[in-house]
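Written below as structure tokens is the structure these notes are about.
The values are calculated or read from the model by the stated rules, or taken from the named source; none is laboratory data. Here the structure is a predicted model, which means the values were calculated and not measured. Reconstructed Cβ throughout: ideal geometry from the backbone, glycine too, with neighbour counts over all protein chains shown. Side chains included, ligands, DNA and RNA excluded: accessible areas come from the protein's heavy atoms. Shrake-Rupley method; radii C 1.70, N 1.55, O 1.52, S 1.80 Å.
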Amino acid sequence: MGSSEIAVAVVRRWLALALEVITAHEEELGRLDAAAGDGDHGATMVRGLRAANAAVEKMSDGAGRLLIEAGAAFSDASGGASGALIGALLSSAGRVLDDGPFDTATATKALQAGLSMVMRLGKAQPGDKTLVDALKPFVDALAAQPADQPLLAAWRAALPAAQAGAAATREMVAKRGRSAKLGERSLGHADPGATSLVYLLQAMETALAEECG
């Protein structure tokens, strides 16, 4: 199996695993969101991922195109700010990934593009208690890995930065989105967007291990 075929297999497997893990944590994500929001983040993520999986089911395009279509479907189905941000992350990364090569250097560039889009659309910075607090540390840590390191190893090395970033949001007060209006109510609770992003990154680690390990 060539690099492009492996990339397609990884994307398909990741989308399936992402739906599984987010479904398993749907109630948890809803509880986190209810602390300073309307409590629907888990349901929103599940709805978006179901649509994303359905959108690519019969596609035969490359990995980049799959991510673009998955992102569009996610955004359309999930609605709201979080749906738009995750959809933009997937689509932006897909446009850079295109047909590869499927390696650490290209994946890093793709995620850097996705991060830039998310920060631009959400007008969020690190410390605002959003998914950026998990995504940016991960992207920075991935960029710090040797460019010729296998993607699975680089991904695993970067994951703790995302996990630490999401955990740190417990001590932050939300400054963006609906949660910002409730101020201190969000203190003591991890941001649901940062938490779900970590689950998505962990699902990708599993997909890479299955297809590339």
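Once the other residues with Cβ under 15 Å from the Cβ of Glu20 are scored (Lys, Arg +1; Asp, Glu -1), what is the net sum? Net charge around Glu20: -1. The listed residues Phe102, Phe74 rank as Phe102, Phe74 when sorted by accessible area, largest first, using a 1.4 Å probe.
Treat the chain as a sphere of radius equal to its Kirkwood radius over Cα pairs and apply Stokes-Einstein at 10 °C in a medium of 1.306 mPa s; give the translational diffusion coefficient in µm²/s, rounded to a whole number. Please report the intermediate quantities before stating the final value.
Working: Rh = 16.8 Å.
Using the Kirkwood radius from Cα pairs, D works out to 95 µm²/s.
Using the Cβ-Cβ distance between Glu5 and Ala143 with R0 set to 25 Å, the FRET efficiency works out to roughly 0.45. Which FRET efficiency value, to the nearest 0.05, do you get for Ser116 and Asp38 by plugging their Cβ-Cβ distance into 1/(1 + (r/R0)^6) with R0 = 25 Å? After rounding, the FRET efficiency stands at 0.35. In this label model, Ala153 and Asp103 are separated by 1.4 nm, measuring between points 7 Å along each Cα→Cβ vector.
Taking 14 Å as the cut-off, the amide N atoms of the range 109-135 that come nearer than this to a point 7 Å along the Cα-to-beta-carbon line of Ala81 belong to 118-133. In this simple spin-label model, placing a label point 7 Å from the Cα along the Cα-to-Cβ direction at both Ala209 and Glu27 gives a separation of 2.6 nm.
Select from the range 1-86 those trypsin sites (Lys or Arg not before Pro) which occupy a DSSP coil region and have at most 13 other Cβ atoms within 10 Å, ordered by residue number. Let's see the in-between values first.
On the way: sites: Arg12, Arg13, Arg31, Arg47, Arg50, Lys58, Arg65; in loops: Lys58.
Sparse-neighbourhood loop trypsin sites (Lys or Arg not before Pro): Lys58.
Considering only Ser78, Gly62, Ala141, and ranking their Cα positions along the charge dipole of the chain that arises from unit charges at the beta-carbon of Lys, Arg, Asp and Glu, the one farthest toward the positive end is Ser78.
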